[in-house]
Amino acid sequence: MARPVVTRMLIVAALGLPVGALPTAAAAAPAATPALGSVIPVPAEVRPVAGAEFRLGALTVIRTQPGSAAARAVGDQLARALRPATGYPLPVRAAAPPVLPTISLLLGAGDARLGDEGYRLSVDRTKVTIRANKPAGLFAGAQTLRQLLPREIDSPTLVRRAWRVAGGSIVDYPRFAYRGAMLDVARHFHTPDEIKAYIDEISRFKVNYLHLHLADDQGWRIQIDSWPRLATVGGGPGTGVDGTGPGYLTKADYRELVRYAAARYVTIVPEIDMPGHVNAAQVAYPELTCDGVAPPPRTDTAVGYSSLCIGSETTYRFVADVIRELAALTPGPYLHIGGDEAHATTDADYLTFQQRVLPLVAKHGKTAYGWNEIAKSPASANAVAQYWDTATTNPTVVAAAARGTKVVMSPANQAYLDMKYDRNTPLGLSWAGYIEVRTAYDWNPATRVAGLPESAILGVEAPLWSETLRNLDHIEFMAFPRLPAIAELGWSPASTHDWTSFASRLGSYGPRWTARGVDFYPSPQITWG
């Protein structure tokens with residue numbers, strides 16, 4: 001009768017685990033096991049199997065696809081995420097003895113439905129298996145698995161209890177290829193550590209793009225070697241709304257953010273807003289104005305008063321240099337050139353500007369991306385237009401889509417995370433209305449704009465502007481719990497859209513934020529677990 005224990009001890013030694021990894025006689029109290037489909041975003045297909053729960057234990061091994069460094073990296077991340085609360089070693093190996101409970105992350109799913117980001121997850125009493133066509137799918141499946149463990153798994157300290165995963169299978173894949181969040185670091189600079197913390201949170205909900213708004217009237221937040229005063233002056237003391245948000249990203253900072261995000265399957269999209277929203281650039285370089293006189297710095301929240309000098313070749317030398325340097329820093333496919341609220345630029349000048357600038361982005365190997373005003377330009381046919389309008393009709397965008405323009409949906413009255421929840425919200429603005437959680441959830445990107453077909457929609461994005469934000473707590477309070485609503489619209493099939501289900505799953509998720517110290521807004525629309 002002692003032989004199984006001896007066998008386990010030999011296996012433990014072979015895996016390099018301490019003898020203490022063996023389970024002790026004192027068993028932890030059973031924990032509530034989340035239902036198989038109780039995750040955000042909700043999976044495409046869920047098939048529960050009763051009596052097939054997997055128990056994560058001290059001998060569990062994480063097995064990854066042999067020969068795949070990317071799969072190994074996902075396995076290492078998963079192990080690091082699960083170790084603090086469980087106290088288990090969770091070694092990551094390319095092979096594991098069949099006698100041990102195993103979590104497997106394997107490539108070669110062979111299922112075209114999954115695409116690059118989808119996955120299959122199966123759970124039985126002895127193993128959890130995640131299969132995907134590409135490593136991005138393994139990462140997505142790992143995020144689902146984290147939510148399928150009891151909510152105490154997010155505790156940074158040891159929790160003594162049973163860790164179970166409901167039995168059954170999930171087949172899951174995204175509705176839209178682009179599922180984004182935007183963070184404004186121009187109105188108030190947010191540090192690289194704050195941006196990384198935001199990346200950690202959004203990637204849990206399968207958000208795969210982070211759009212960084214790097215320049216505006218109140219500040220310039222990225223180092224550009226050919227125009228060095230942009231950062232040193234535009235990001236210097238006294239910049240930002242109320243003059244309280246100085247700082248900028250060095251190129252080394254930006255590269256590190258790109259690397260950090262990529263490890264979590266998030267792609268950085270940089271934005272330099274132009275031809276409007278350029279006051280900070282013109283303070284640093286007066287030659288970017290038509291009269292050569294530097295405007296006064298702006299620390300207010302007004303918009304629409306600045307414009308590059310459209311007839312000046314200096315403007316296009318500046319734009320070409322900025323695009324060239326940003327493109328070289330950015331491995332992702334998109335480069336956002338703004339284009340919104342250019343009220344100080346005439347219509348004719350706006351079209352002239354876009355006709356010259358949009359092709360510059362393509363020259364450097366990137367797809368041009370801009371706010372929906374760029375749809376006015378014939379040059380936008382190969383670009384992406386971000387729909388931030390509050391209207392449900394926009395013939396200009398519909399016509400551009402017919403010419404080939406792709407659209408990312410960010411209607412301000414439903415997707416803008418800087419809008420107040422209600423009149424009593426201490427942060428945020430309200431020009432687009434109040435946005436409670438249900439308002440953020442209850443819309444369909446495919447039907448939001450009349451005449452715009454789903455085939456033209458690249459995806460969704462939740463922008464967070466920072467006029468009133470000063471720190472990470474503020475970011476979290478405005479983003480959560482609304483960002484998961486937008487994430488579900490982007491990932492889950494339209495057929496799964498159900499407010500009652502989402503509200504229940506969101507309520508159950510709240511304690512996970514609490515465990516991680518995330519300062520989320522406890523919406524009264526949700527019954528929090």
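The values are calculated or read from the model by the stated rules, or taken from the named source; none is laboratory data. Note that this is a predicted model, so its numbers are computed, not measured. Glycine gets a Cβ as well: all are built from the backbone with ideal geometry, and neighbour counts include every protein chain shown. These area figures cover heavy atoms from the full protein model, side chains too; ligands, DNA and RNA do not enter into them. Shrake-Rupley method; radii C 1.70, N 1.55, O 1.52, S 1.80 Å.
Overview of results
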quantity	calculated
Accessible-area value, H188, 1.4 Å probe, nucleic acids and ligands omitted, Å²	10 Å²
Length released on extending from K251 to D291, taking residue separation times 0.36 nm less the Cα-Cα span	11.3 nm
Average accessible surface area per residue within region 391-529, 1.4 Å rolling probe, Å²	35 Å²
Chain lengthening between T126 and A402 when straightened (0.36 nm per residue, less Cα-Cα)	94.2 nm
Ranked by how many other beta carbons lie within 10 Å on average, peptides 177-185, 388-396, 515-523 from highest	177-185, 515-523, 388-396
Accessible surface ranking that places the most exposed of Y334, Y305, Y350 first, with a 1.4 angstrom probe	Y305, Y334, Y350
Solvent accessible area, Å² - H190, 1.4 Å probe, full protein context	0 Å²
In nm, spacing of pseudo-spin labels at N424 and R83 (7 Å Cα→C-beta vector)	4.4 nm
Long-range tail of P(r) for the chain (Cα pairs > 36 Å, %)	35 percent
Exposure of Y387 as accessible area (Å², to 10), given a probe of 1.4 Å and all protein chains	0 Å²
Label-point separation in nm, T393 to T447, each point 7 Å along Cα→Cβ	1.8 nm
HN-Hα J in Hz across region 142-153 - Karplus 6.51, -1.76, 1.60, θ = phi - 60°, x for Gly and Pro	5, 5, 5, 4, 4, 6, 7, 7, x, 4, 5, 4
Selection from G168, P135, T250, by position along the positive dipole direction of the chain (Cβ)	G168
Label zone at D225 (point 7 Å along Cα-to-Cβ), backbone N below 15 Å, region 250-280	250-255
Other-chain or far-sequence residues with amide H under 5 Å of I222's (modelled H)	L249
Label point 7 Å beyond Cα of D116 along Cβ direction - residues of region 195-235 with amide nitrogen under 18 Å	203, 206-211
Exposure ranking of E454, E436 by accessible area [1.4 Å probe, largest first]	E454, E436
For the chain: relative contact order, % (alpha-carbon pairs under 8 angstrom, 6 or more apart)	13 percent
Difference of contour (0.36 nm per residue) and Cα-Cα distance, A348 to V99	82.4 nm
Residues S455 and S501, FRET efficiency given R0 of 22 Å [Cβ-Cβ distance, rounded to 0.05]	0.20
³J(HN,Hα) computed for each position of region 392-399 - Karplus, 6.51 cos²θ - 1.76 cosθ + 1.60, integer Hz, glycine/proline x	9, 10, 7, x, 5, 5, 4, 5
Spacing of the two label points (7 Å from each Cα toward its C-beta) at E53 and A32, in nm	1.3 nm
For L427, residues with placed amide H under 5 Å, excluding near neighbours	none
For region 146-195: Kirkwood Rh in Å [reciprocal of mean 1/r, alpha carbons]	15.6 Å
Degrees between helix 192-203 axis and first principal axis of the chain (Cα, 0 to 90, nearest 10)	60 degrees
Dipole in debye (nearest 20) - the chain, about Cα centre, beta carbon charges: Lys, Arg +1; Asp, Glu -1	2820 debye
Amide proton proximity set for S492, modelled H, under 5 Å, gap of 5+	R175
